[in-house]
1. Looking only at the range 135-152, which residues are surrounded by 15 or more Cβ atoms within 10 Å (Cβ to Cβ) and either touching a strand residue (DSSP E or B) at 6+ places or on another chain (Cβ under 9 Å) or under 14 Å from Asp116 (Cα atoms) (or both)?
2. So Phe128 ticks every box in (1) in contact (Cβ under 8 Å) with a residue 40 or more places away in the chain; (2) surrounded by 15 or more Cβ atoms within 10 Å (Cβ to Cβ) but one. Which box is left unticked?
3. Out of Lys76, Lys40, which single residue is part of a helix (DSSP H, G or I) and either more than 10 Å from the ligand (Cβ to nearest atom) or farther than 18 Å from Phe6 by Cβ (or both)?
4. Can you spot a residue in the range 89-97 that is near the ligand (Cβ under 10 Å from one of its atoms), among the acidic types (Asp, Glu) and closer than 30 Å to Met1 by Cβ?
5. Write out, first by first residue and then by second, each pair whose Cβ atoms fall under 6 Å of each other, whose residues are 6+ apart or on separate chains, and whose first residue, in the range 112-123, is of a type in the set (D, E, K, R) while the second is at pLDDT 95 or above and surrounded by fewer than 13 Cβ atoms within 10 Å (Cβ to Cβ).
6. State all residues of the range 34-47 that are surrounded by fewer than 15 Cβ atoms within 10 Å (Cβ to Cβ) and under 25 Å from Ala93 (Cβ atoms); if no residue qualifies, say none.
Amino acid sequence: MNLILFGPPAAGKGTQAKRLTAERGYIQLSTGDMLRAARKSGSELGQRVAAIMDSGSLVSDEIVIALIEEALAANKGAPGFIFDGFPRTVAQAEALDAMLAKHGQKIDRVIRLEVDSQQLMDRIAKRFAEEGRADDNPDAYKVRLDAYFTQTAPLLPYYEKQGKLQGVDGMADVDTVAHAIAKALG
Ligand code: AMP
């Protein structure tokens, strides 16, 4: 089972991906986590993406596609993958389909976490106060939300046409959302 957790930043994708990993043994592939790890390690890639990430804009398709390609090759035989924060553009979605096909696999389900904009803003303000992530500051978050609506939301029809898209109410507490996702996955 390969699934995409889809939704704007702060919709709860990372939290739910970690639950599914613990419960089902799927591998979480978060391009945001991979990029943050690259920055922490001080690698050339990390230095290249730092300013873009802090501004709230998307890094290039080429960079994130290469990260996912490496991760898929390194985790052959995994019982499933949870894509978290990837794909974020139509080009990334097409590349993902091609990469999975090379491994004889496909995306089975796309779970869209639905959270209204006011609750997103409240969550991000709380996270910024607690964790101080540069791209959670209000200006950067606005850019991230804009990127979601202009570059990522157009992916919804891509998956809807394939009959893979399922909406889940992401406004409830973590356990209730996890239960709804489990039901959607069957
Ligand atoms: P996230 O933690 O998923 O919100 O990602 C943090 C930041 O990393 C984003 O605001 C982008 O700058 C970058 N990033 C993560 N995933 C992607 C992606 N799939 N495409 C482009 N940029 C990404």
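1. Leu145, Tyr148, Thr152 - these are the residues of the range 135-152 that are surrounded by 15 or more Cβ atoms within 10 Å (Cβ to Cβ) and either touching a strand residue (DSSP E or B) at 6+ places or on another chain (Cβ under 9 Å) or under 14 Å from Asp116 (Cα atoms) (or both).
2. (1)
3. Just one listed residue meets the conditions, Lys40.
4. No, every residue in the range 89-97 fails to be near the ligand (Cβ under 10 Å from one of its atoms), among the acidic types (Asp, Glu) and closer than 30 Å to Met1 by Cβ.
5. Listed pairs, sorted by first residue: Glu114/Asp169.
6. At the first step, the residues of the range 34-47 found to be surrounded by fewer than 15 Cβ atoms within 10 Å (Cβ to Cβ) are 37, 40-44, 47.
Matches in the range 34-47: Ala37 only.
The values are calculated or read from the model by the stated rules, or taken from the named source; none is laboratory data. In this text the structure is predicted, and so the values were computed from the model without any measurement. Cβ: placed from backbone, ideal geometry, glycine included. Neighbour counts: every protein chain shown.
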